[in-house]
Amino acid sequence: MSPAPRQASGRRRPRRLVPRLLTGSVLLVFLVFFVLPVLWLVLAATKTDQQLVHGSPLSFGSWHAFKHNWDGLTAFQDNAVLQWLGNSTLYAVISLVITLCVAVPAGYGLAMTEFRGRHTLLVSTLVVMLMPTATLVVPLFLEINAAHLIGTMWSIILPYSFYPFGVYLTYIYFTTAVPKDLLAAARMDGCSEFGVFRHIALPLATPVIALVGFFSFVANWTNYFLPYVMLPESDQMPIQVGVGSLLSNVPSFNPAVGPLAIERPQLALATLLAITPVLIVFLFAQRFLVSGMLAGATKE
């Protein structure tokens, strides 16, 4: 009786092997297309310009070359790179605070109250959310110009602060994941609507608040076109626009560069500085991000 089960288990092994091979192949493709470019970028910051061109793509340069690249990068326009990082941090953090103060109560109000024009407002929010950011730059420029705010930090912070995706995400969360009976019981106990939101709905919404905050921060940090149009001065630029300015000062891309030339390894180092804050925020917020993404998966 024993050979039959062994033959059956032997037939199952090839069936299990195929999905594993397929999974491994997909992971290998992701490794090649996503991990290797980041690894190349990290190693490029440790090389000289000649090593970057003629050396092995995935070889480590030297700490001396890394220090040379750092000194050359920070010497560009008297520490302009560090100022650009400070500008990006200022714009993104202030916009994030305003976004959370606006998007979370707006999503709660849309989910919990019925009023005339509610459906139209939801559809308008969805349409604006789906529109490419570049299509809104010209209307935003005209509005900001009419308010005489062009060239100020508010020309970046105010458009960043009103985040339709955050409103719609919190609306879905409060509609599907927050128990209505719990909120109704709090109202019956004499709690005001603001008290219900402050003491019950808001603590339950911690995962979606983290999710909205992360997506808002990433969108603000990586935005290029809006600050490029709104901010004419170099000392006001965020890091994304600053990296574009550095790109035009690399002799390989612009032969007419003057004495303030930037080498390609220094440009790679600047790119690493531009993406590092997003990676740090993601590492600290990933636990909340996973719970926030799964928050609306079940319905009461």
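Does Ala8 satisfy being over 30 Å from Ser216 (Cα atoms), assigned to a helix (DSSP H, G or I), modelled with pLDDT under 90 and open to solvent by less than 40 Å² (accessible area, probe 1.4 Å)?
When the stated conditions are applied, Ala8 passes them.
Here's a check for you: in region 112-140, which residue that is small (Gly, Ala, Ser) and part of a helix (DSSP H, G or I) is nearest to the chain's Cα centre (by Cα)?
Result: Ala134.
Which ones in region 141-157 are assigned to a helix (DSSP H, G or I) and either open to solvent by less than 50 Å² (accessible area, probe 1.4 Å) or touching a Cys at 6+ places or on another chain (Cβ under 8 Å) (or both)?
Within region 141-157, Ile144, Ser155, Ile156, Ile157 meet the criteria.
When you scan region 104-132, how many residues do you find that are among the β-branched types (Val, Ile, Thr) and over 15 Å from Phe165 (Cα atoms)?
Number of matching residues: 2.
Counting just the residues of region 165-190 that are assigned to a helix (DSSP H, G or I) and open to solvent by 60 Å² or more (accessible area, probe 1.4 Å), which one comes out farthest from Ala111 (Cα to Cα)?
Looking at residues that are assigned to a helix (DSSP H, G or I) and open to solvent by 60 Å² or more (accessible area, probe 1.4 Å), I get Met188.
What number of residues within region 120-140 are out of contact with any Pro (no Cβ under 6 Å at 6 or more places or on another chain), more than 20 Å from Thr222 (Cα to Cα) and surrounded by 11 or more Cβ atoms within 10 Å (Cβ to Cβ)?
4
Each row is one residue, and each column tells you yes or no for (1) farther than 30 Å from Ile262 by Cα; (2) modelled with pLDDT of 80 or more.
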residue: Ala4; (1), (2): yes, no
residue: Arg12; (1), (2): yes, no
residue: Arg15; (1), (2): yes, no
residue: Val18; (1), (2): yes, no
residue: Leu21; (1), (2): yes, yes
residue: Val26; (1), (2): yes, yes
residue: Ala44; (1), (2): no, yes
residue: Gln51; (1), (2): no, yes
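The values are calculated or read from the model by the stated rules, or taken from the named source; none is laboratory data. All figures in this text were calculated on a predicted structure; none of them were measured in a lab. Positions of Cβ are backbone-derived with ideal geometry, glycine not excepted, and every protein chain shown enters the neighbour counts. Accessible surface is based on the protein model in full, side chains and every heavy atom, while ligands, DNA and RNA are left aside. Shrake-Rupley method; radii C 1.70, N 1.55, O 1.52, S 1.80 Å.
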